[in-house]
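The structure under discussion appears below in the form of structure tokens.
The values are calculated or read from the model by the stated rules, or taken from the named source; none is laboratory data. Treat the numbers as computed from the prediction; the structure is a model and nothing was measured. Because the Cβ atoms are built from the backbone with ideal geometry, glycine has one as well, and the counts that use them run over all protein chains shown.
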Amino acid sequence: MTLRTHSVATPVIAALLALPPLGALAQSKPPVAQFWADVATHSMSIPGMGDMDEGSMGMFGGGFFGGTRNAGGAPGKWLDTALHTRNKPSGTLGSHAIPPALNMGSALPLVPVQTERGREGEPGDMEKPKGRLLFYWGCGETVRPGQPRVLDFAKAAPDEYAKFMIGRFAPDRGAKAVAGRSVWPNEQDRKRVPANASLNGDHAVSGDGVPAGLRFAVGAGHDFMPKINMSAQGDPKGAVSVGWGDVNNARAYFLSAMGARGEQEMIVWSSSEQPDPGWGLMDYLPPAQIDRLLKEKVILPTSTQRCAIPAGIFAGVEGAMVRMIAYGPELNLAHPPRPANPKAPWNPEWAVRVRVKSTGMTLLGMDDEGGGRRGSSRAQPEQEKEESGGLPSPGNLLRGIFGR
């Protein structure tokens with residue numbers, strides 16, 4: 001079962017999100033050109049194995065961390081960019097001149113997205129899963145009253161699915177590869193971002209239909225964030241203490257965990273004080289939404305560096321994983337700048353949005369020395385699990401629920 005919680009916005013709508021309400025700027029127009037840059041740092045560690053690199057991520061497949069087109073969010077630094085100009089609405093061949101500190105040459109090519117019509121699934125394509133999904137939430141040593149919420153796949157009606165899976169989500173405001181945009185990485189250029197890369201310095205975007213002078217600078221406050229240094233200590237039969245170091249430039253944190261108990265039970269937990277599984281929160285969040293979710297206690301303030309997963313939730317599971325995101329800052333620029341008078345006309349030539357995040361993952365119930373499991377039953381081969389008609393394997397369900 002694949003669950004995706006995200007919104008779809010046209011380039012024009014995405015550009016308008018950077019502007020004040022139309023009532024305040026009745027004579028304003030969206031920018032002639034909009035440039036997006038999504039800046040991500042991904043990390044993964046397994047006890048006894050240290051930090052994982054890109055080649056080690058084959059066990060989970062592409063899209064595990066979400067949010068990057070070029071390699072599905074494998075460990076490392078990742079950059080996604082997109083350009084849209086109203087002068088060439090179908091897309092334009094462009095170029096992104098980059099600073100020397102990025103260590104990727106002098107420029108990255110921006111290539112129009114080639115749309116393809118995919119096959120739509122037939123109503124009978126997906127077999128209804130069996131088993132139950134248990135959802136817990138909140139940091140603490142013990143399970144709170146009223147938990148868990150339980151969804152029985154065999155008995156649940158469609159509206160019960162919808163109620164169970166509802167939650168807050170990250171608006172789609174970034175470097176999405178959709179028709180009308182020119183993107184990097186692309187079929188012509190998919191080079192890796194080096195480990196020592198920095199966005200610090202001057203940038204320029206050019207191309208047919210792009211206003212001259214689309215130039216901007218990125219400083220240390222909007223550069224790649226550091227890796228998350230996360231650990232999960234404790235046997236899952238008891239409370240598991242998840243801790244992490246301070247993440248430079250982070251504005252807030254969020255954690256989620258998942259594991260399977262046998263073939264008929266999937267367990268989900270989130271660090272939210274509210275009953276929100278966080279299906280759509282493991283991605284970039286705009287500053288206003290970060291502020292709101294902090295007040296609602298859905299995400300954690302940066303003063304928090306430890307969160308306990310209640311005792312027994314993941315006892316006896318196979319392959320339980322905990323993921324974390326550090327929400328970074330957002331840079332919004334426009335030329336000419338917005339007038340001080342909100343009622344004055346404003347017709348920007350271009351706008352730039354740079355978003356930053358860092359994500360990390362580690363496993364629960366692993367032996368600190370050799371990476372072996374504690375207290376889990378025999379690991380059943382993935383193919384055998386899929387053919388058994390039970391719940392999807394943890395890895396596959398994680399890819400389906402959290403993948404992008």
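For the range 351-366, name all the residues that are part of a strand (DSSP E or B) and either in contact with a Ser or Thr (Cβ under 6 Å, 6 or more places away or on another chain) or of a type in the set (A, V, I, L, M) (or both).
351, 352, 354, 356, 358, 360, 361, 362, 363, 366
Residues considered: 153, 164, 169. Of these, the only one that is within 26 Å of residue 357 (Cα to Cα), in contact with a Phe, Trp or Tyr (Cβ under 9 Å, 6 or more places away or on another chain), at pLDDT below 95 and of a type in the set (Phe, Trp, Tyr) is 169.
All conditions in (1) out of contact with any Ser or Thr (no Cβ under 8 Å at 6 or more places or on another chain); (2) part of a loop (DSSP other than H, G, I, E, B); (3) at pLDDT 50 or above hold for residue 81, with the sole exception of (2). Within the range 238-259, is even one residue surrounded by fewer than 24 Cβ atoms within 10 Å (Cβ to Cβ), of a type in the set (S, T, N, Q) and touching a helix residue (DSSP H, G or I) at 6+ places or on another chain (Cβ under 7 Å)? Yes, there is a match, as at least one residue in the range 238-259 is surrounded by fewer than 24 Cβ atoms within 10 Å (Cβ to Cβ), of a type in the set (S, T, N, Q) and touching a helix residue (DSSP H, G or I) at 6+ places or on another chain (Cβ under 7 Å). The residue pairs whose first member lies in the range 243-255 and is among the charged types (D, E, K, R), whose second member is not in a loop (DSSP other than H, G, I, E, B), and whose beta carbons are closer than 6 Å, counting only pairs six or more residues apart or on different chains, are 251/290; 251/327.
Scan the range 158-174 for residues that are in a loop (DSSP other than H, G, I, E, B) and of a type in the set (Phe, Trp, Tyr) and the total you get is 0.
Hey, among the residues in the range 202-258 that are farther than 27 Å from residue 362 by Cα and in a loop (DSSP other than H, G, I, E, B), which one's nearest to the chain's Cα centre (by Cα)? Checking each candidate, the answer is 219. Annotation note: of 348, 342, 337, the sole residue that is free of Cβ contacts under 8 Å to residues at least 40 places away in the same chain and assigned to a loop (DSSP other than H, G, I, E, B) is 337.
Among the candidates 278, 201, the residue that is in contact (Cβ under 8 Å) with a residue 24 or more places away in the chain, at positive phi, buried (at least 19 other Cβ atoms within 10 Å of the Cβ) and in contact with a strand residue (DSSP E or B) (Cβ under 9 Å, 6 or more places away or on another chain) is uniquely 278.
Taking (1) in contact with a Gly (Cβ under 9 Å, 6 or more places away or on another chain); (2) crowded, with 20+ Cβ neighbours inside 10 Å; (3) assigned to a loop (DSSP other than H, G, I, E, B) in turn, residue 285 satisfies each apart from (1). Filtering 221, 262 for residues that are closer than 22 Å to residue 317 by Cβ and out of contact with any helix residue (DSSP H, G or I) (no Cβ under 8 Å at 6 or more places or on another chain) leaves a single hit, 262.
Among the residues of the range 334-346, is any crowded, with 18+ Cβ neighbours inside 10 Å, modelled with pLDDT under 95, under 28 Å from residue 203 (Cβ atoms) and touching a Lys or Arg at 6+ places or on another chain (Cβ under 9 Å)?
yes
Using the structure shown, decide if residue 255 is out of contact with any Leu (no Cβ under 6 Å at 6 or more places or on another chain), closer than 30 Å to residue 31 by Cα and either of a type in the set (A, V, I, L, M) or modelled with pLDDT of 95 or more (or both). Taking the combined requirement at face value, the residue does not satisfy it.
Screening the range 91-114 for residues that are polar (S, T, N, Q) and loosely packed, with under 12 Cβ neighbours inside 10 Å and picking the one that is modelled with the highest pLDDT gives 106. Among the residues of the range 144-181, those that are more than 30 Å from residue 113 (Cα to Cα), loosely packed, with under 15 Cβ neighbours inside 10 Å and touching a residue at least 12 places away in the same chain (Cβ under 8 Å) comprise 144, 150, 152, 154. Residue 306 satisfies every condition listed in (1) closer than 30 Å to residue 218 by Cβ; (2) surrounded by fewer than 16 Cβ atoms within 10 Å (Cβ to Cβ); (3) modelled with pLDDT of 95 or more except (1).
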